[in-house]
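Just so you know, all these numbers are worked out from the coordinates, no wet-lab data involved. All values reported here derive from a predicted model rather than from experimental measurement. Glycine also receives a Cβ, built like all others from the backbone with ideal geometry; neighbour counts cover every protein chain displayed.
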Amino acid sequence: MSSPADLPALDPARTALRAHVLQHSVRRGDFTLKSGAKSTWFLDTKHTACRPDGVLLMADVALDLIPAEATAIGGLTVGADPVAYGLAAVGATRGRQLRSFTVRKEAKDHGVTGRIAGPLLPGDLVVITEDTVTRGTSIMEAVEVVRACGATPILITVIVDRGGTCAAMADAAGVAFRPMLTAPDLGFPFGS
């Protein structure tokens, strides 16, 4: 990892979020990632997304990225849940009304069935989120489920884009991609 002086310059909100992520969410060592790849660093951004100070820092960045016309925020459980719920709650205190929802990993077959939990409505303009994206497959799954519900994904945002491949997938799906931070912002190359 680079020293703080070697990190790219960011605006003040992103700089504060980066400091929190580096302090609470990055682990150094020898790790095997979900993909099977080996890495000398591990990123668990739930340690940022689930701390009250982290939620506020995340909101300082994300609420500036989210288009004013967005009406809902969510994504695939469990990675999206703290991000979506935290941003919706803080957003409400700042005059933004975003309903939060969860995309279940599989359809529920009792009670209110289907893959969506929460108030996602047909016609909603949706922000798809997650804590960290490496490859982008979970994000794209959430995009498809939201579209199947009659809503329109207009933005994908994540706390950290670790892999650098989601932007192309989002572009191919016709959805804007604006991560709060990237692996290079943290001093690591994409995909490392």
Worksheet item: So, in nm, how far is label Gln97 from label Ala176 when the simple model puts each one 7 Å beyond its Cα toward the Cβ?
Response: 2.1
Fill in: √(5λ) per eigenvalue of the Cα gyration tensor, the chain, largest first, Å
27, 19, 15
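Please report, in debye to the nearest 20, how large the charge dipole of the stretch 34-84 is about its Cα centre when each Lys and Arg carries +1 at its beta carbon and each Asp and Glu carries -1 there. Numbers along the way, then the final one.
Values: 4 positive and 6 negative charges, 78 e Å.
About 380 debye.
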Discussion item. Can you divide the C-alpha Rg of the stretch 4-63 by 2.2 N^0.38 Å and report the result to two decimal places?
Written reply: 1.24
Worksheet item: Leaving out same-chain residues fewer than 8 places away, which aspartates and glutamates sit with a Cα under 13 Å from that of Lys105?
Response: Asp81, Glu141, Glu144
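Work out, step by step, the length gained on full extension between Arg28 and Ala89: first 0.36 nm times the residue separation, then minus their alpha carbon distance; give nm to one decimal. Before the final figure, lay out the partial values.
Details: separation 61, 0.36 × 61 = 21.96 nm, distance 3.20 nm.
That works out to 18.8 nm of additional length.
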Fill in: Sites matching GluC sites (Glu not before Pro) across the stretch 64-137 that sit in DSSP coil, with at most 13 neighbouring C-beta atoms within 10 Å
Glu69
Discussion item. Which one, Ala107, Gly79, Ala89, is farthest towards the positive end of the dipole of the stretch 1-133 when Lys and Arg carry +1 and Asp and Glu -1 on their Cβ?
Written reply: Ala107
